[in-house]
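Asks: The following block contains the structure, expressed as structure tokens.
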Amino acid sequence: MGTIRHSVITDATPAPQEQLGRPYDSGVLLLASALMTFGVAMVYSASMTVRGAQLDWHQWWHTPLRQCVFAAGGFLVMLFTAHCDYRWLASTRKGGLVRVGVLYLIAIATLIAVQLVGREALGAQRALVVLTSPFTLSFQPAELAKVVMVIWLAVLLARMHARAEEQRTRGYSARDLGIRNFTRGFLPTVISSGLLIGLTGVEDFGTAALMGVVMVMMLVIAGARWRHLMLLALIGLMGGVGLIAMKPYRLERLKTYVYFLDESKPAPDPQKEGYQINQSMLAIGSGGWFGRGLGAGIQKYGYLPQKDNDFILATICEELGAVGGMVVVLLFLFLVWRGWDVTRAAPDHFGMLLAAGLTLLIGLQAAFNVGVVTNSVPTKGISLPFVSAGGSGVVFLGWAAGLLAGVGRSATGRADNVL
């Protein structure tokens, strides 16, 4: 593996000539687009059952075709973001931090709003309804919050790095500079990011757990002290226990997972608490190597809950077999590889942190979903990036993929005092 660069670009430092005019990383866009396209096909297949076999063109929004609109929106957001200079988010000129601060406050406000007036579904209030006519349109604030958290962390950590570099040139010891300083670096960063995670976890424990892991790994990359990280892990564990205790069904899911693993305990009732994971494993196993054929799945006929969303990978394995499932996993592995390549080649510290965080976000979410569907981790509500049904995930992860691709792009001329 190559070495990640930690350079600092300031107002007085022209951008390196070799970085001028570089295009965005087309590999990231190609892989994300392929996953979106594959997702449209599989959501359509999973949603077209006997009951909904006939399309009503007057009510097309209530058909699987609306996923095409979401995917198109996600693709356009991704393409537009990739053409923008990501360093605009980290400008240290007047208003630079305000831009990211506004995103942070919007994420906080929507996370609070969803708990007050959000639409309840499957025992949780995760969506805010923004339009009721001529069709219903809602979005999940958690999808926004996880991307904003990565941007927020990248900006804070990059600013700390820049200040630490400046202090080193003045002869200060490197032991307690930047993120290594507990009171002025580590603690404010963790508290501000933890607020996003905590508010998300009230209604969406799976996404909160994902955000927590991404935050810790970004702190590791930024050079935080291990003893600070151990303290954070302990506090995070206590917070996780508290969030699980808030919702009884979370504890039941954890117990079900433990009972599946422990052969000395009675197996969970396949008609009750063990129903969803049993149906998922049945779908995966019945597909064999090459599947029943696209559209020929059986579990979607009222047997497998969340067949086009959280458990769409089980539908893929049933209809396209283990080979189809492995293709999806390979696409994500290639995307993570491209993200790591972009991270290593980032022209500045902010770009490195942003690319690393977004790569971790997409890759770990995919890994969490695969783990849930295959009963490798306890069941929780977390979708397969770009593939699962829904508009919020596709659009906001499209934004994330666009930012990731954009780190490979550098604006011409001098940098705008960017960290």
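Asks: Which whole-Hz couplings ³J(HN,Hα) result when phi for each residue of segment 28-36 is put into the Karplus expression 6.51 cos²θ - 1.76 cosθ + 1.60, θ = phi - 60°, listed in order with x for Gly and Pro?
Replies: So the Karplus estimates, Gly and Pro as x, are 4, 5, 5, 5, 5, 5, 4, 5, 4 Hz.
Asks: What number, in nm² with one decimal, is the all-direction average of the projected area of the convex hull of the alpha-carbon atoms of segment 97-169?
Replies: 6.3
Asks: Quick one: P(r) of segment 288-385 from all Cα-Cα pairs, 5 Å bins, percents rounded to integers, in order of increasing distance.
Replies: 3, 14, 19, 19, 16, 11, 8, 6, 3, 1, 0
Asks: Let me know the whole percent of all Cα-Cα pairs from segment 154-217 that are separated by more than 21 Å.
Replies: When all Cα pairs of segment 154-217 are counted, 34 percent exceed 21 Å.
Asks: Can you give the convex hull volume per residue for the Cα atoms of segment 98-248, as a whole number of Å³?
Replies: Hull volume over Cα atoms, normalised by residue count, gives 108 Å³.
Asks: So for the pair Arg99, Ser192, with labels modelled 7 Å out along Cα→Cβ, what separation do we get in nm?
Replies: The answer from the label model is 1.6 nm.
Asks: Calculate the spin-label point distance for Val117 paired with Gln167, positioning each point 7 Å from the Cα along the beta-carbon direction, and give it in nanometres.
Replies: Here the answer is 4.4 nm between the modelled labels.
Asks: Trp226 to Leu137: FRET efficiency via 1/(1 + (r/R0)^6), r the Cβ-Cβ distance, R0 45 Å, to the nearest 0.05?
Replies: 0.50
Asks: Still on this model: Enumerate the amide H contacts of Lys247 below 5 Å, restricted to partners 5 or more residues apart or on another chain; note that Pro and chain-start residues carry no placed amide H.
Replies: none
Asks: With the calculation restricted to Cα positions, what are the radius of gyration and Dmax of segment 201-263 in angstrom?
Replies: When restricted to the Cα atoms of segment 201-263, Rg and Dmax are 14.0, 42 Å.
Asks: Tell me the label-point distance for the pair Leu237, Phe182, using the 7 Å Cα-to-Cβ offset, in nm and rounded to one decimal.
Replies: In this crude label model, Leu237 to Phe182 measures out at 1.9 nm.
Laboratory data are not the source of any read-out in this text; all were calculated from the coordinates shown. Just so you know, these numbers come straight off a predicted model, no measurement behind them. No Cβ is skipped: glycine too gets one built from the backbone with ideal geometry, and neighbour counts run over all protein chains shown.
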